[in-house]
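J.: This is the structure I have questions about; it appears just below.
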Amino acid sequence: MKKTPFTDIHHSLGAKMHDFAGYDMPIEYQSIIDEHNTVVEGVGVFDVSHMGEFWVKGPNAKALVQKLTSNDIAPLPVGKAQYNCFPNEEGGIVDDLLVYHYEPEKYMLVVNAANIDKDWAHCVKHNTVGAELENASDRISQLAIQGPLAQKTLQKLTDVDLSAIPYYSFTTGKFAGVDDVIISNTGYTGCGGFELYFYPEHALKIWNAIFEAGAEFGIKPIGLGARDTLRLEAGFPLYGNELSDTTSPLEAGLGWITKLVDGNDFIARPIIEAQKAAGITRKLVGFELVGKGIARHGYEIVNAEGEVIGQVTSGSISPYTKKAIGLGYVKKEYSALGTSIFIKIREKSIEAQVVKPPFRK
């Protein structure tokens, strides 16, 4: 398995490790519930160095990113990030990603770890405009410092005014004595915080500085288990669960990042336009169980008559609200807020109600 610069630290802290996207990654250190609530109420640190980073550079960089992604990057200024997705030729989703406008002719694409090879091949295949592509995934490390006390922790380590970095914005500056660190405010927990991108040789220095600065706030390392429950509570989709090569952005509720505007001629735009005109037949919804049980990925969703109307994509007991929550695709006629649906759990139909995420308000 591949290692991040922090893998040995995770082992030394006694983390439960597991293969994730080919990397030896920490799932939990002591308790997913404790780690989850640490981020909701305080500050926690995620090693997300397994994520992929591609640079798109040169005079034709903008043209390529516009072609590859469904959102409209034309108005995206330098210093801003944008949530986006790669549509495939059939109108499905190759991956969801973040686009950072780093310099006038330079963009950074941050992609999911499990999709690095697939995404890179997709970008190379469709680079018919002559943009310069660089796969920097092995030369960039990343930490996500999340929670309401993240800013107080990190401000000790930089002269950059973190309060001046709005949501989905970033800057580059000195952090913990290290030059050229990208300091970003995007987040995948719904709890606020920042992401740091830096060269791997600075990893241990930055890690140690963050934990020293956050000691007074009870800072803790957080595993991928809590990362998943936090993003679910926030109602954020996960590739491989809510998103896939066969789900369209419209079905997944991502019409807001699928801009059908002049000049945004992305891959499969005609297919998505036709789908929008015809109307989708299924829709991703959030739900809370009324009866006892836990919805799990792959469980069937049925109506009151027992007819299968969809499938659960993610489900868990919310560590913060203590409610059983989930996301899933259902036939459109069952997608209205307040609709009663039923989750098949061990041959029993457990009632649930369609609600609007986030589950943690």
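The values are calculated or read from the model by the stated rules, or taken from the named source; none is laboratory data. Quantities reported herein were computed from a predicted structural model and do not represent experimental measurements. Quick reminder, even Gly has a Cβ in these numbers, built from the backbone with ideal geometry, and neighbours come from all protein chains shown.
J.: Please verify whether Tyr23 is more than 17 Å from the chain's Cα centre (by Cα), in contact (Cβ under 8 Å) with a residue 60 or more places away in the chain and under 21 Å from Tyr239 (Cβ atoms), treating the condition exactly as stated.
T.: In short, yes.
J.: Look through region 335-344, keep the residues that are surrounded by fewer than 20 Cβ atoms within 10 Å (Cβ to Cβ) and either free of Cβ contacts under 8 Å to residues at least 12 places away in the same chain or of a type outside the set (S, T, N, Q) (or both), and return whichever of them is nearest to Gly240 (Cα to Cα).
T.: Lys344
J.: OK, next. Can you find, within region 10-33, the residue that is nearest to Gly223 (Cα to Cα) among those that are acidic (Asp, Glu) and buried (at least 16 other Cβ atoms within 10 Å of the Cβ)?
T.: Once the filter is applied, the top-ranked residue is Glu28.
J.: When only residues in region 121-137 that are part of a helix (DSSP H, G or I) and in contact with a helix residue (DSSP H, G or I) (Cβ under 8 Å, 6 or more places away or on another chain) count, which is surrounded by the most Cβ atoms within 10 Å (Cβ to Cβ)?
T.: Cys123
J.: Looking only at region 303-351, which residues are touching a His at 6+ places or on another chain (Cβ under 7 Å) and within 13 Å of Gly286 (Cα to Cα)?
T.: Matches in region 303-351: Val312, Thr313, Ser314, Gly315.
Okay, residues lined up against (1) surrounded by 19 or more Cβ atoms within 10 Å (Cβ to Cβ); (2) outside any strand (DSSP E or B); (3) touching a Phe, Trp or Tyr at 6+ places or on another chain (Cβ under 8 Å):
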| residue | (1), (2), (3) |
| --- | --- |
| Pro59 | no, yes, no |
| Gln82 | yes, no, yes |
| Leu109 | yes, no, yes |
| Asn115 | yes, yes, yes |
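J.: Output the number of the condition that Glu347 fails; it satisfies all remaining conditions of (1) modelled with pLDDT of 95 or more; (2) over 27 Å from Glu41 (Cβ atoms).
T.: Checking Glu347 against (1) modelled with pLDDT of 95 or more; (2) over 27 Å from Glu41 (Cβ atoms), the one that fails is (1).
J.: Could you list, in sequence order, all residues of region 217-242 that are under 18 Å from Val355 (Cβ atoms) and small (Gly, Ala, Ser)?
T.: Residues satisfying the conditions are Ala234, Gly235.
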